[in-house]
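The values are calculated or read from the model by the stated rules, or taken from the named source; none is laboratory data. Note that this is a predicted model, so its numbers are computed, not measured. All Cβ positions, even for glycine, are placed from backbone atoms using ideal geometry, and neighbour counts span all protein chains on display. Keep in mind that these areas ignore ligands, DNA and RNA; they rest on the heavy atoms of the full protein, side chains included. Shrake-Rupley method; radii C 1.70, N 1.55, O 1.52, S 1.80 Å.
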Amino acid sequence: NVQLLANSAFRIWNNESIRSLSLQATGQWDELLLMVEPVIVNEPYGADILGVDYTRSGINGRITNAFIRYKNDLMSLQFGRSPVWWGQSFNRSIIHTNFAPAYDQVDLRLNFSRFQLELLAGQLGSELLNGKRIKRNIAGHRLTFLSKDGKLLAGLGEQIIYTGQNRGIELHYLNPVVPYFFTALENDEESSSEGDNDNSIVFVTIRYVPKPNFSFFSELIVDDFQVDDNNYQDGLGYKIGADGAINISGKPVTWALEWTSINSWTYIHIGQF
C-alpha cells in the first residue's frame, strides 16, 4: 500500500505571504509504516517553520517527516524525524505543539488495559558557545487514561531539555518511573554552567466529551514552583477551552475557543540554550 501526495499552502502573516509546498510518500506493509516528506517554504520563514536557516533563491527546504513505525494492538515504536504533539489543544498546545520544527527521535508507546505509557527521546538543533558545540537533547514520558465510555481522557507526564558540550542521550532520562526533577538533583545538573543545563516541565491534560462533536479540555504546566521566598517567580501556565464540529448547509465546520495564561518566566532557564 503506497501513496504519493502533494500539498501546497498560502497564508498571510503580518502582511507577508507564507508559501509552502510538500511532497509526501508513504508505504505500509502489515504493521510497518514508512513515511518521507520534504517541504519547501519561502524566505524568511525557514527557521520558524522548518528549523533551518540555509536559503537559496529565496527558498528554505527540509525533510520534516522521515520515519519508520511498527504498530500493533499492544505497542507502537517509531524511529526517525516527525513533529510531536502532546496536549489537548489541536493548534496551540502549551505543552508540545506540532507547529514547532520536527526533530529526530525515538517514540515508544505501550498499551495496557485503558492506559497508554509513552516514552520519547530525541535530539534538537545544536548551538555554539565560545566556539564549542552545545548539543541539545529532549526526553519525555507520559501516562494517558481513557475511560470505558470514551468520554474522559486524562494524562500526566514530564518533558525535559538537557544540553551540554557533546552531550549524548542519557539513560536515566529514559526511566519511565523516576521524575526528571529528582534525576537532575541526583546528578547536580539543574544549575550547572558552560552549556550543561537541565530544565524539566511537569504537565497535566484532560478532555471531557459530553456528546459527539463537542468537548471541553484543559492543559496545565509546571516549570518552576517556588517553595521558599527567593524572589523568583513561579513558572506556571494553563489553558482551558472547548471545541467541536457543526454542519452548516451540508458543509462541516470545526471551531475552538481557548483561554491561555502563562507566567512570563515559564519555559525559561538560567542556563544557556
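Worth a mention:
- Members of region 72-86 found to be without any contact (Cβ under 8 Å) to a residue 60 or more places away in the chain and more than 15 Å from GLN123 (Cα to Cα), listed by number: ASN72, ASP73, LEU74, MET75, SER76, LEU77, TRP85
- When the test is whether a residue is surrounded by fewer than 15 Cβ atoms within 10 Å (Cβ to Cβ), within 30 Å of VAL222 (Cβ to Cβ) and at pLDDT below 90, ASN1 does not pass it.
- The set of residues in region 72-96 being open to solvent by less than 40 Å² (accessible area, probe 1.4 Å) and in a loop (DSSP other than H, G, I, E, B) consists of VAL84, GLY87, GLN88, SER89, SER93, ILE94, ILE95.
- Region 225-273: number of residues that are open to solvent by 50 Å² or more (accessible area, probe 1.4 Å) and farther than 16 Å from PHE181 by Cα: 29
- Look at region 114-128: where a residue is in contact (Cβ under 8 Å) with a residue 60 or more places away in the chain and a partner is among the aliphatic types (A, V, I, L, M) and open to solvent by less than 40 Å² (accessible area, probe 1.4 Å), sitting 6+ places away or on another chain with Cβ atoms under 6 Å, you get GLU127/ILE134.
- Members of region 37-68 found to be more than 18 Å from the chain's Cα centre (by Cα) and assigned to a helix (DSSP H, G or I), listed by number: GLY46
- Lone qualifier among PRO101, PRO83 - being in contact with a helix residue (DSSP H, G or I) (Cβ under 8 Å, 6 or more places away or on another chain) and under 23 Å from THR260 (Cα atoms): PRO101
- Within region 59-71, residues that are open to solvent by 70 Å² or more (accessible area, probe 1.4 Å) sit with their Cβ atoms under 7 Å from residues that are assigned to a strand (DSSP E or B) and charged (D, E, K, R), at 6+ positions apart or across chains, in these pairs: ILE63/GLU37; ILE63/ARG81.
- Close pairs from region 12-37: first open to solvent by 80 Å² or more (accessible area, probe 1.4 Å), partner not in a strand (DSSP E or B), Cβ under 6 Å, at least 6 apart: GLN28/ASN1; GLU31/ASN72
- Those residues of region 131-153 which are surrounded by fewer than 16 Cβ atoms within 10 Å (Cβ to Cβ) and either assigned to a strand (DSSP E or B) or without any contact (Cβ under 8 Å) to a residue 12 or more places away in the chain (or both), in sequence order: GLY131, LYS132, ARG133, LEU143, PHE145, ASP149, LEU152
- Matching entry among SER113, SER126 (being of a type in the set (Ser, Thr, Tyr), closer than 18 Å to LEU153 by Cα and surrounded by fewer than 18 Cβ atoms within 10 Å (Cβ to Cβ)): SER113
- Checklist (1) open to solvent by 90 Å² or more (accessible area, probe 1.4 Å); (2) without any contact (Cβ under 8 Å) to a residue 24 or more places away in the chain applied to VAL222, failing item: (1)
- The sole residue among SER192, SER200 that is farther than 29 Å from LYS239 by Cα, polar (S, T, N, Q) and either modelled with pLDDT under 90 or not in a loop (DSSP other than H, G, I, E, B) (or both) is SER192.
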